[in-house]
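Written out below as structure tokens is the structure these notes cover.
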């Protein structure tokens, strides 16, 4: 029992240090904190997306992505409530909404027509989607903290460029993410 408690304590410390209280760290820059948060949540969402139920991803992943947004806001020093982050996601989704909807349809289609392989093939898409969402939210919070305006065109361009780049990265990480899914399922 002592070994289990030790492992749980280490896991709790890691989660606090890398996710829940990362904004308090002084050994890494603010940009590095945000990058780490986006990577952690992108990998986690990609691993969770292997669940085989078509079109369930939006209900599983959206709350996790909203929490990612809250963590980014906290790191950037922008106070935001849970309700506020939902509003921000709606605003940002309106800008990149058609791209997000198309991606969700592709993910659902993969899982409907090729259920087991579909889960594996969604990893790069979900990784890229979550990463792009994180980058767009980060830019939104940076601009908001400076009282600057960001145009829908800027957000759309950032979304498209990041999504394309990070889907490729997700393909390279697919095997590792697939193998890590047991950490979320067990």
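Listed here are the residues, each with its yes/no results for (1) within 22 Å of residue 64 (Cα to Cα); (2) modelled with pLDDT under 70; (3) surrounded by fewer than 20 Cβ atoms within 10 Å (Cβ to Cβ); (4) touching a helix residue (DSSP H, G or I) at 6+ places or on another chain (Cβ under 9 Å).
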| position | (1), (2), (3), (4) |
| --- | --- |
| 121 | yes, yes, yes, yes |
| 134 | yes, no, no, yes |
| 142 | yes, no, yes, yes |
| 158 | yes, no, yes, yes |
| 162 | yes, no, no, yes |
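Residue check: residue 150 meets all listed conditions (1) assigned to a helix (DSSP H, G or I); (2) modelled with pLDDT under 85; (3) touching a helix residue (DSSP H, G or I) at 6+ places or on another chain (Cβ under 8 Å) but one, namely (1).
The values are calculated or read from the model by the stated rules, or taken from the named source; none is laboratory data. What you see is a predicted model; the values in this text were computed from it and never measured. We place every Cβ from the backbone using ideal geometry, glycine too, and count neighbours over all the protein chains shown.
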